[in-house]
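The values are calculated or read from the model by the stated rules, or taken from the named source; none is laboratory data. The structure displayed is predicted, hence computed values, not measured ones. So basically every Cβ, Gly included, is an ideal-geometry build from the backbone, and we count neighbours across all protein chains shown.
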Amino acid sequence: MRSGLLLVGLAWLALAAPARAGAPACDALPPELRARAVEALDRLHPYDGCDQTFTRCLAETPPAPVVLRLAAEVCRRVQAGQDVKSIEHALGKRARSVLGLGKKASITLDEACRAGEPGAPVVIAVYACARCPFCAVLVPALHRAVTVGPLQGKARLYYRPFPIKDHPFSAEGGLAMVAAARLGQFWPEVLDIYARFAEFSPDRLAGWAAGLGLPRGEFEALLADPATRAALVASKQEGVRNKVKVTPTLFLDGVEYVHELKVEAVIDVVEELFERAR
């Protein structure tokens, strides 16, 4: 019985696993990993969509979309060499990021700092530092995802500056971002600063901004304006109230994201939230 259920489930998974995942379904795994996949699907339960094991849930006609999505993650993790206990732990962190059982964070959604369509149902907020190397990778990738990629029309991205004192010139970079937002050019400035991450220097900021078409004199005046610094401090304080300690820290619909920070993983979770919103 168990093998029959598994074959049905894996057949469904092969046909319906999200293309976003970028990994083969469990039935395409090599023999040495297939046994681990069988064990994982037999022992683990999806956190939504079905209250049985994955094996039994996948045998339903049709399986719930969330079950297919989560089973695809199980397969990817088996392929990556993770054991059943590690996979269970990862699914638990994903559940915390999706289900939002606790109090949601209060986050300022500044439209000047939004990327993506204004009516997109899923709200991504990222607290990030201008001099954070991980932010320099993740933030541009998320920007692409919500503007021209798989999350277009599904999610909108809001940036909340959160300078980290251990990152040299983080305050100067944050001030440049806030100044650009006041001039209506927030995202061009953010993406430019991250694109030039290795060559960053505060004395280059005005020239870079001018190269983006921002009026240099106004930009320099805003950099020195106490109101710009006050806005940056307010953003940092908001993050502290929301218990942000490191960057990047993501919130999805007000719930802190504690799952993997690989962009593919974030996109997959956001797509799950979009499906729920529909």
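Considered as a group, the residues in segment 155-187 that are of a type outside the set (G, A, S) and touching a Gly at 6+ places or on another chain (Cβ under 8 Å) include one that is farthest from G211 (Cα to Cα), and that residue is R156. Pairs are defined by a Cβ separation below 6 Å, a sequence spacing of at least 6 or placement on different chains, a first member in segment 121-139 that is under 24 Å from E111 (Cβ atoms), and a second member that is at pLDDT below 95; the pairs so defined are P121/A277.
Within the option set K104, K85, K165, being within 21 Å of A277 (Cβ to Cβ) and either among the basic types (K, R) or not in a loop (DSSP other than H, G, I, E, B) (or both) holds for one residue only, K104. Given the criteria in contact (Cβ under 8 Å) with a residue 40 or more places away in the chain, over 23 Å from A265 (Cα atoms) and surrounded by 17 or more Cβ atoms within 10 Å (Cβ to Cβ), does A181 qualify? Taking the combined requirement at face value, the residue satisfies it.
Checking the conditions here, which among V139, V178 is in a helix (DSSP H, G or I) and over 21 Å from the mean Cα position of the chain (by Cα)? When all the criteria are applied, what remains is V178. Would you be able to say whether some residue in segment 79-96 is closer than 30 Å to P30 by Cα, surrounded by 15 or more Cβ atoms within 10 Å (Cβ to Cβ) and among the small types (G, A, S)? Yes, some residue in segment 79-96 is closer than 30 Å to P30 by Cα, surrounded by 15 or more Cβ atoms within 10 Å (Cβ to Cβ) and among the small types (G, A, S).
Is it the case that R229 is at pLDDT 95 or above, charged (D, E, K, R) and more than 27 Å from the chain's Cα centre (by Cα)? Spelling it out, R229 is indeed at pLDDT 95 or above, charged (D, E, K, R) and more than 27 Å from the chain's Cα centre (by Cα). Residues in segment 159-177 that are touching a Cys at 6+ places or on another chain (Cβ under 7 Å) and touching a residue at least 60 places away in the same chain (Cβ under 8 Å): F162, P163, I164.
When the test is whether a residue is surrounded by 17 or more Cβ atoms within 10 Å (Cβ to Cβ), of a type in the set (A, V, I, L, M, F, W, C) and either farther than 22 Å from R182 by Cα or over 16 Å from the mean Cα position of the chain (by Cα) (or both), V122 passes it.
Collect the residues in segment 29-46 that are outside any helix (DSSP H, G or I) and surrounded by fewer than 16 Cβ atoms within 10 Å (Cβ to Cβ), keeping them in residue-number order.
Residues of segment 29-46 that are outside any helix (DSSP H, G or I), as a first pass: 29-30, 44-46.
Result: P30, single match.
If I filter segment 85-96 for residues that are at pLDDT below 95 and more than 18 Å from V266 (Cα to Cα), do I get at least one hit? Within segment 85-96, none of the residues are at pLDDT below 95 and more than 18 Å from V266 (Cα to Cα).
Looking at segment 190-249, what helices (runs of 4 or more DSSP H) fall wholly within it and have at least 2 residues that are farther than 22 Å from A136 by Cα and in the same structural domain as E260 (by TED's automatic domain parsing)?
On the way: elements: 205-211, 216-224, 226-241.
Qualifying helices (runs of 4 or more DSSP H): 216-224, 226-241.
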